[in-house]
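I have placed the structure first, in the form of structure tokens, so that the comments after it can refer back to it.
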Amino acid sequence: MKSHYMGVDLGSTTAKTVIVDEAGTIVSSEVVQMGAVSRAGLAQSMSGALAAASLSAADIARSVSTGYGRRLVPGAGRSFTEITCHARGVAAMCSGTRLVVDIGGQDSKAIVIDDGIVDNFTMNDRCASGTGRFFEVLARAIECGIDELADLALAGDKNLEVSSMCATFAETEIISLLAQGERREDIAASVHRAVSARTLGLVAYVGKHQPIVMTGGVARNAAAVHFLEEALDAPVIVPATPQISGAYGAALLARDGAGDHLIPAEPTDALPGSVKVVGTSACSSCAGSADVADATSRATLPIHPV
């Protein structure tokens, strides 16, 4: 009898796959970064997770997909939004979590969880400001590797004004600061502070709740976590594997839906419950804008403890 379940999170820049057993324990996981919504990265992530678990696709009882490219995942029985899957995954990873701050390659989210259920959320998915893409621009401008950013930022002791939070023009501003003789460390620290302030604005829409858990690829950046803690004036918890929380949640939803307590039928393109757009934040430097969404009623998706 098949007893393994797969969750696949195909994001804007990274493919994540998690396989769990009947108990909800992670058997294997695979994170692959191969460019924008990459089918090759998706295939490599799925095959890598199966190989690590010594399983074949025929051994998977059910799979659930999420992320930007969730419609592209072969064999997925259902798909759910990142909001639902991140909440499910984080609730299992860090019991008692009240606020999830997820910063990925191209978007950022603030999700309030109440007793393991999505209570409210807001997200920015139309502007690269404050996302992994923004940090890539910073790294390129100051000519360092993306893995070097954290150490540089933590070594900075000067707070420079970084007025542009648009990725399109940020590189020009950073180059201008370099031309003025400012240190790379101070520039990196100042950009991290500006990103944290942007994230604080996102959290303000849903309210600050504790404990706070940070997920997504940017959570691997120790400086991003440090400056976010400063901005929120609160400790921020980072799971050991912050990139897989969405895929983990998807895998748990696959497991939950395979038993007697089936997932309620609801549209897979929206968070369960009534959702409305409460505002639009326009970018003053480019044509981009970010919708601010608000869940007006509690999600009905059950979150079963693992």
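If you plug the beta carbon distance of residue 61 and residue 39 into 1/(1 + (r/R0)^6) with R0 = 22 Å, you get a FRET efficiency near 0.35. Within the accessible area of the stretch 1-146, the carbon and sulfur atoms contribute 48%, probe 1.4 Å, all protein chains present. The accessible area of residue 157, taken with all protein chains in place and a 1.4 Å probe, comes to roughly 130 Å².
Can you give me the relative contact order of the stretch 1-104 as a percent, contacts being Cα pairs under 8 Å and 6 or more apart? The normalised contact order for the stretch 1-104 reaches 25 percent. In this simple spin-label approximation, residue 158 and residue 136 carry label points 7 Å from Cα along the Cα→Cβ vector, and these lie 3.0 nm apart. Highest mean packing first, where packing is the average number of other Cβ atoms within 10 Å per residue, the peptides 13-24, 172-183, 41-52 line up as 13-24, 41-52, 172-183. Packing here is the average count of other Cβ atoms within 10 Å per residue, and on that basis the peptides 198-207, 77-86, highest first, run 77-86, 198-207. Computed with a 1.4 Å probe on the full set of protein chains, the accessible area for residue 121 sits at about 10 Å². In the complete set of protein chains, residue-level accessible area for residue 135 is approximately 10 Å², probe 1.4 angstrom.
Just to confirm my numbers, what's the Cα centroid distance between the stretch 1-52 and the stretch 61-97 in Å? Between the Cα centres of the stretch 1-52 and the stretch 61-97 lies a distance of 11 Å. Once the chain from residue 182 to residue 240 is taken as fully extended at 0.36 nm per residue, the excess over their C-alpha distance is 17.4 nm.
Rounded to the nearest 0.05, what FRET efficiency do residue 52 and residue 23 have when you use their Cβ-Cβ distance and R0 = 22 Å? Calculated value: 0.80.
Once the Cβ-Cβ distance of residue 169 and residue 230 is raised to the sixth power relative to R0 = 25 Å, the FRET efficiency obtained is 0.50.
The values are calculated or read from the model by the stated rules, or taken from the named source; none is laboratory data. Owing to the predicted nature of the structure, the values given are computational and were not obtained by experimental measurement. Positions of Cβ are backbone-derived with ideal geometry, glycine not excepted, and every protein chain shown enters the neighbour counts. SASA here: full protein model, heavy atoms, side chains in, ligands and nucleic acids out. Shrake-Rupley method; radii C 1.70, N 1.55, O 1.52, S 1.80 Å.
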